[in-house]
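S.K.: Got a structure for you, written out below as structure tokens; questions coming shortly.
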Amino acid sequence: RFEDESRAIKTRMKNKAMLADPIVSFAIRYRPHRWWYEVYTLGRRFALTSLILAFPTLGSSTVYVLIVAISTQLLDREWAACIDGSSSALSNALNVQVLLAQVYMLLLDAHMIVGAYSAIISA
């Protein structure tokens, strides 16, 4: 076990026997202590797409989506699991878009955005 994360990453990239294993391709993009991040991502996607169907009303599903979107946004930003900084930045930007889409839909449902203002805010 390495104390220095960058040294551990370089050693992983040089290990040809490990890289030959097909399952490693899922975890190699992440920091060594975040190898499980792909499983977390699948759980987040399930929570935002399928689990939402369990809620009976629009209000409860909206609150659920906002809680999941905000908490996963904070966790993703705090963990910064990807080795490549641009991948972490792209992931963060996409998560912000999911959150902004929910806020925009809430504003539309509350009739707070009407007429010309809806075009301005959606841009």
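S.K.: State all residues of region 86-102 that are within 20 Å of T49 (Cα to Cα), surrounded by 11 or more Cβ atoms within 10 Å (Cβ to Cβ), out of contact with any strand residue (DSSP E or B) (no Cβ under 8 Å at 6 or more places or on another chain) and of a type in the set (S, T, N, Q); if no residue qualifies, say none.
M.R.: Across region 86-102, the qualifying residues are N92, N95, Q102.
S.K.: Related question: If I ask for residues that are among the β-branched types (V, I, T), surrounded by 14 or more Cβ atoms within 10 Å (Cβ to Cβ) and not in a helix (DSSP H, G or I), which ones from region 45-85 would you list?
M.R.: I83 - this is the single residue of region 45-85 that is among the β-branched types (V, I, T), surrounded by 14 or more Cβ atoms within 10 Å (Cβ to Cβ) and not in a helix (DSSP H, G or I).
S.K.: Looking for something modelled with pLDDT under 80, touching a Leu at 6+ places or on another chain (Cβ under 9 Å) and not aliphatic (A, V, I, L, M) - is there at least one such residue anywhere in region 44-65?
M.R.: no
S.K.: Restricting attention to region 25-44, which residues are under 15 Å from D76 (Cβ atoms) and part of a loop (DSSP other than H, G, I, E, B)?
M.R.: Passing the criteria: R29, R31, W36.
S.K.: Can you report the number of residues in region 26-44 which are open to solvent by 70 Å² or more (accessible area, probe 1.4 Å) and not aromatic (F, W, Y)?
M.R.: 4
The values are calculated or read from the model by the stated rules, or taken from the named source; none is laboratory data. Values in this document were obtained by computation on a predicted structure and should not be read as measured data. Virtual Cβ from ideal backbone geometry, glycine too; neighbours counted across all protein chains shown. The accessibility values were calculated without ligands, DNA or RNA, using every heavy atom of the protein model including side chains. Shrake-Rupley method; radii C 1.70, N 1.55, O 1.52, S 1.80 Å.
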